[in-house]
1. Quick one: in the stretch 27-58, which of the residues that are of a type in the set (Gly, Ala, Ser) and not in a helix (DSSP H, G or I) is modelled with the lowest pLDDT?
2. Out of VAL97, VAL88, report the one residue that is touching a residue at least 60 places away in the same chain (Cβ under 8 Å), under 23 Å from the mean Cα position of the chain (by Cα) and farther than 15 Å from MET1 by Cα.
3. Could you tell me whether any residue of the stretch 32-53 is loosely packed, with under 14 Cβ neighbours inside 10 Å, in contact with a strand residue (DSSP E or B) (Cβ under 9 Å, 6 or more places away or on another chain) and of a type in the set (A, V, I, L, M)?
4. Given the residues LEU24, LEU76, which is the only one that is at pLDDT 95 or above and assigned to a helix (DSSP H, G or I)?
5. Show the residue pairs that are 6+ apart or on different chains and have beta-carbon atoms under 6 Å apart, the first residue being within the stretch 25-50 and farther than 20 Å from ASN78 by Cα and free of Cβ contacts under 8 Å to residues at least 40 places away in the same chain, the second being open to solvent by 20 Å² or more (accessible area, probe 1.4 Å) and part of a helix (DSSP H, G or I).
6. Given the condition among the aliphatic types (A, V, I, L, M), within 21 Å of the chain's Cα centre (by Cα), under 30 Å from TRP125 (Cα atoms) and open to solvent by 50 Å² or more (accessible area, probe 1.4 Å), answer yes or no: does some residue in the stretch 64-81 qualify?
7. Out of the residues in the stretch 10-21 that are among the aliphatic types (A, V, I, L, M) and not in a loop (DSSP other than H, G, I, E, B), which is least open to solvent (accessible area, probe 1.4 Å)?
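The values are calculated or read from the model by the stated rules, or taken from the named source; none is laboratory data. Remember, it's a predicted structure, so these values are computed and weren't measured experimentally. We place every Cβ from the backbone using ideal geometry, glycine too, and count neighbours over all the protein chains shown. Note: accessible area is taken over every heavy atom of the protein model, side chains too, but ligands, DNA and RNA are not part of it. Shrake-Rupley method; radii C 1.70, N 1.55, O 1.52, S 1.80 Å.
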Amino acid sequence: MNTLSYGLLSLLSHTADSGYDLMLKIQPFWPAKHSQIYPLLAQLESGGYVRHTLVVQTDKPDKKVYSITDKGLNALRNWLTLPTDEPVTRDELVLKVFCMEQGDPADIRRMLEMRLAYCRDQLQWLQTKMDAYTKLNPSPSFGILLLMEKGQFAIKADLQWAEWALGRLDEREAAQGSPRADDA
């Protein structure tokens, strides 16, 4: 099985869900499209790792709600003992900063300012999610709390880096005597 298969089993170890809901819930961990999710669910079901019940709906097509089986739970537990791959980072801004000398520094400044705004919005969104989760769950999952905190650490680090990079850009422009884009 691939990592996405184990990701689906991870989600199903918490609650039964439809393929669509699983696709939405896996996004913070692993980018996946429905064209990947549904075939994997079929494979997991044929392998005995999950099973589904059909939920009849009057206003929409019937939906399958998947749950993890004992075999799936055992496979998940075995997977948890294996070492993880190295983390993957994909950030387009990093590539643009790498080659920023080829363009206009004002463009990089705008992108860094956009990153600041994005990070601030993400921190607020995540705090709202954390507050709602802990309010709704008197015994919250320790793993979910750890991941929410990891998200906050990562966003705060990105925010601090963008602030620092803007400061360095200011220093560089001052040393070169270049006017900032918003001063012009």
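1. Filtering the stretch 27-58 for residues that are of a type in the set (Gly, Ala, Ser) and not in a helix (DSSP H, G or I), the one modelled with the lowest pLDDT comes out as ALA32.
2. Result of the check over VAL97, VAL88: VAL97.
3. No; the residues of the stretch 32-53 include none that is loosely packed, with under 14 Cβ neighbours inside 10 Å, in contact with a strand residue (DSSP E or B) (Cβ under 9 Å, 6 or more places away or on another chain) and of a type in the set (A, V, I, L, M).
4. Matching residue, one of LEU24, LEU76: LEU76.
5. LYS25/LEU11; HIS34/MET23; ILE37/MET23
6. yes
7. LEU12
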